[in-house]
Amino acid sequence: MPIFGTLMGFSLLLGPVPFSIGNAVPPTPAAHVAGVALGRPVTLTAYNAVPGQTDDNPFETASGAYSNPEIVAARSQNLADKLPFGTIIELDGSAITSGDTCGYGMVAPLIGYRVIEDTMNARYTDRVDVLFDTGANYADADGGERNAADVLGICKGVTVRVVGHVDINHLPKTQAQLALLVGKTRNLALK
């Protein structure tokens, strides 16, 4: 019993032990991420990890992480200070102003939370680009298929909110794990 009491005393002094999911560690809450502008409007687009839409190594992001289409997002270079690698974001399409070129409502369930792990070409500004799986396809009116990146199109007026930060060396692998890190288990799609 004295050993148990000593261990309890140490745990009270040290505070709670961080939880982990696999090799992921808890994110830093958004309130503790320095220099973050919450609620910034951006243009939202999407891409696939294929050579024509990335650099020579489509399966590695600019941060060095694996191009995981379930959690990865890229940001334009002008947002690098506000959205550094490892920033966990949520995207809110409720104020979209782009009309016919935006299919946010159709692909919103695939977006969920995202981790900034990639950088866009310098010609883009105030933009976030979500990575989608090449197999995420939707039927089109002609009986064919279109990838979720094409369905999304260009969506102006999407609000990006920072919800935390995660070590890029310990990224979660799924949306469910990312949601648990953020501390939310609600429907991940924001409409």
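Each value in this text was obtained by applying a stated rule to the coordinates, not by laboratory testing. Quick caveat, the model's predicted, so the values are computed rather than measured. All Cβ positions, glycine included, derive from the backbone under ideal geometry; neighbour counts span all protein chains shown.
Relative to one another, the C-alpha centroids of region 130-175 and region 39-68 are positioned 10 Å apart.
For region 112-122, 3J(HN,Hα) computed residue by residue from phi via the Karplus equation (6.51, -1.76, 1.60; θ = phi - 60°) reads x, 7, 9, 10, 6, 9, 9, 10, 8, 4, 4 Hz, glycine and proline entered as x. Amide H to amide H, with H built 1.01 Å from N, Thr87 comes under 5 Å of Ile116, Val166, counting only residues 5 or more places away or on other chains.
Between Met120 and Arg75, Ser76, Gln77, the built amide H atoms are under 5 Å apart, and every one of these is 5 or more places off in sequence or on another chain. Taking amide H as placed 1.01 Å from N in the peptide plane, Tyr47 has its amide H under 5 Å from the amide H of Val130, Leu131, Phe132, each at least 5 places away in sequence or on another chain.
For the peptides 124-130, 86-92, residues were scored by their other Cβ atoms within 10 Å and the scores averaged per peptide; the highest-first order is 86-92, 124-130.
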